[in-house]
1. Examine region 3-13 for a residue that is over 25 Å from residue 92 (Cα atoms) and at pLDDT below 90, and state whether such a residue exists.
2. For region 1-32, which residues satisfy the criterion of being over 14 Å from residue 53 (Cβ atoms), within 16 Å of the chain's Cα centre (by Cα) and not basic (Lys, Arg)?
3. Scan region 20-49 for residues that are in contact with an Asp or Glu (Cβ under 9 Å, 6 or more places away or on another chain), surrounded by 11 or more Cβ atoms within 10 Å (Cβ to Cβ) and closer than 20 Å to residue 90 by Cβ and report the count.
4. Tally up the residues in region 10-25 that are within 20 Å of residue 83 (Cα to Cα) and touching a Ser or Thr at 6+ places or on another chain (Cβ under 7 Å), please.
5. If you take the residues of region 64-99 that are closer than 18 Å to residue 34 by Cβ and among the small types (Gly, Ala, Ser), which of them is modelled with the highest pLDDT?
Amino acid sequence: MTRPIADKAEVSIDFPDKFYMGSFARESRYDVTADAGGVHLWIERLGPERRKVGLHLHYYLLAGMLEAMADAVRSDSSIDASQRRHLAAAARRLEAAFSDDQSNPEEK
């Protein structure tokens, strides 16, 4: 199920001989799915400048990135209170999703 983008995403890919950059704003949509291998993120911009980007993150990489994000957010005082509240609520929801997971052998 795709969802509208409430803010903005910017994507860049830098190859040795090419550079791609694109932005996805409110007219765009995203979708996130998960499977045994990791999380898939798709962002799609509709309209005349249509583009789509996909990213597949394996779980250990995603865990490392979440830890790095936590450190980065903790050290940046310029993030406004509303953004912090939304991020904190999303982090609590992610944590709840794992605490509901009965397949985690560490919790048995």
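1. No, region 3-13 contains no residue that is over 25 Å from residue 92 (Cα atoms) and at pLDDT below 90.
2. Correct list: 1, 4, 6, 7.
3. 10
4. Here the count works out to 1.
5. Ranking the qualifying residues of region 64-99, first place goes to 64.
Conditions tested, residue by residue: (1) out of contact with any helix residue (DSSP H, G or I) (no Cβ under 6 Å at 6 or more places or on another chain); (2) touching a residue at least 40 places away in the same chain (Cβ under 8 Å); (3) loosely packed, with under 12 Cβ neighbours inside 10 Å; (4) of a type in the set (A, V, I, L, M).
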site: 9; (1), (2), (3), (4): yes, no, no, yes
site: 18; (1), (2), (3), (4): yes, no, yes, no
site: 51; (1), (2), (3), (4): yes, no, no, no
site: 54; (1), (2), (3), (4): yes, no, yes, no
site: 73; (1), (2), (3), (4): yes, no, no, yes
site: 89; (1), (2), (3), (4): yes, no, yes, yes
site: 92; (1), (2), (3), (4): yes, no, yes, no
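The values are calculated or read from the model by the stated rules, or taken from the named source; none is laboratory data. Predicted model, so just to flag it, every value in this text is computed and none were measured. Quick reminder, even Gly has a Cβ in these numbers, built from the backbone with ideal geometry, and neighbours come from all protein chains shown.
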